[in-house]
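Asker: First the structure, which I've put down as structure tokens, then a few questions once you've had a look.
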Amino acid sequence: GESVGLHLPTLSVQEGDNSIINCAYSNSASDYFIWYKQESGKGPQFIIDIRSNMDKRQGQRVTVLLNKTVKHLSLQIAATQPGDSAVYFCAENISRRFVFGPGTRLSVLP
Amino acid sequence: NAGVMQNPRHLVRRRGQEARLRCSPMKGHSHVYWYRQLPEEGLKFMVYLQKENIIDESGMPKERFSAEFPKEGPSILRIQQVVRGDSAAYFCASSPPPGAEEQYFGPGTRLTVT
């Protein structure tokens, strides 16, 4: 069946270091992916997206990498800040709906 | 430019009562999606609607749950005869035409069934 999974359920990083959050997806037909950030008690917030015809996309302090060969997605956050502490979800678009992974909790240590 | 609005933010219902959750999409957005999230879990797709049409309800439980997006007014997710297992956060997202591209989420409604 469909599934999007994450290698690391929790991640702790020092403030100022770079963070890498990984995601494995199972549907090779997925053509669009989004990373969301969710803070406690709030709805998911769009961070960055990527289409399957790309392997890398950069935003402000964030980069998403897509490896279609192994069906792997990653989110890199540069110079991680306390405000980056949240749960991060990858989501893949399957038949015009999104399938979300279980999430990775990112904790930024002072 | 207001984002996706959901109300109420918190809803408490006793077993057997009905729950009505409302979602107003962003201005100009005609596509609405409902997701359910259990504590410490990811979001699970429930239903995808356009104005007056249900496009995909493959994630909706077959009984007690229904959704609509009328020509005028917000989208409504309705849960009849709630049970404790319905306790969750329910999120609405919207996207502009043609739909299912970038989705913007509301703050969610946290339903507690006592």
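Asker: Based only on other Cβ atoms within 10 Å, what is the fewest-to-most ordering of B:T114, A:T104?
Answerer: B:T114, A:T104
Asker: Separate question: Counting only C-alpha contacts under 8 Å and six or more residues apart, can you give the relative contact order of chain A as a whole percent?
Answerer: Contact order relative to length: 37 percent.
Asker: Taking every pair of alpha-carbon atoms in the protein assembly as shown, what share in percent sits in each 5 Å bin, from 0 to the bin with the longest distance?
Answerer: The distribution over the protein assembly as shown is 1, 7, 15, 18, 18, 16, 12, 7, 4, 1, 0, given as percents.
Asker: What number does chain B give for Rg over Rh if you use C-alpha atoms and the Kirkwood radius?
Answerer: Value, to two decimals: 0.95.
Asker: Can you pull the three principal axis extents for the Cα set of chain A, in Å, largest first?
Answerer: 41, 27, 21
Asker: Of all trypsin sites (Lys or Arg not before Pro) in segment B:21-114, which ones are in loop regions per DSSP and have a Cβ with at most 11 other Cβ atoms within 10 Å?
Answerer: Answer in residue order: B:K27, B:K62, B:K71.
Asker: How shielded is B:82-91 by partner chains, expressed as the average number of their Cβ atoms within 10 Å of its Cβ atoms?
Answerer: 1
Asker: Moving on. Given Cβ point charges of +1 (Lys, Arg) and -1 (Asp, Glu) and nothing else, what value in debye, to the nearest 20, does the dipole of the protein assembly as shown about its Cα centre take?
Answerer: 600
Asker: Something else about it: Alpha carbon centre of segment B:14-61 versus segment B:69-89: separation in Å?
Answerer: Centre-to-centre (Cα) distance: 7 Å.
A short reminder: the numbers here are calculations on the coordinates, not readings from a lab. Note that the structure is predicted; figures quoted are calculated from it, not measured. Backbone-built Cβ (ideal geometry, glycine too); neighbour counts: all protein chains shown.
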